[in-house]
Amino acid sequence: MDQLFVADAAVKEAVPGDVNRYRAAGVLTWAILHQIKAEGLAEVAATGKYSHHLLNMLRASPALGYPKDERPVLCLRGTTSRLPCLAQSTTLGVASTD
């Protein structure tokens, strides 16, 4: 299990560099969020230190149903949950977290 935590830390270390490349895009969308995560995982996979199976454990399960489109991601401030983001949707009645 320690390897999983080490791999997770490696992805978290890689992600800020990936985020910086997308800052000019302005609004964070679900498509961009998934791209950032994929790039972070790819960078860690390229090191060869972690198995493909182990890195797949760090991916969001398709069962969670996260959108993959261009809708903005709304992140709730002050949450400590690993799932602080919501899809902006009229069915949720949420337009902003401010």
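Just so it is clear, none of the values below were taken in a lab; they were calculated from the coordinates. Owing to the predicted nature of the structure, the values given are computational and were not obtained by experimental measurement. Glycine gets a Cβ as well: all are built from the backbone with ideal geometry, and neighbour counts include every protein chain shown.
Where does each of ARG71, ARG23 land when they are ranked from fewest to most other beta-carbon atoms within 10 angstrom? Could you put the intermediate results ahead of the total?
Working: ARG71 15, ARG23 8.
Starting with the residue having the fewest Cβ neighbours, the order is ARG23, ARG71.
Our coupling estimate for segment 8-22, obtained by passing each phi through the Karplus curve with A = 6.51, B = -1.76, C = 1.60 and θ = phi - 60°, is 4, 5, 5, 5, 4, 6, 6, 4, x, x, 5, 4, 4, 5, 9 Hz, Gly and Pro reported as x. Annotation: amide H of THR29 within the under-5 Å range of VAL73, sequence separation 5 or more or interchain, hydrogens built in the peptide plane.
Within segment 8-78, the percentage of alpha carbon pairs spaced more than 16 angstrom apart rounds to 53%.
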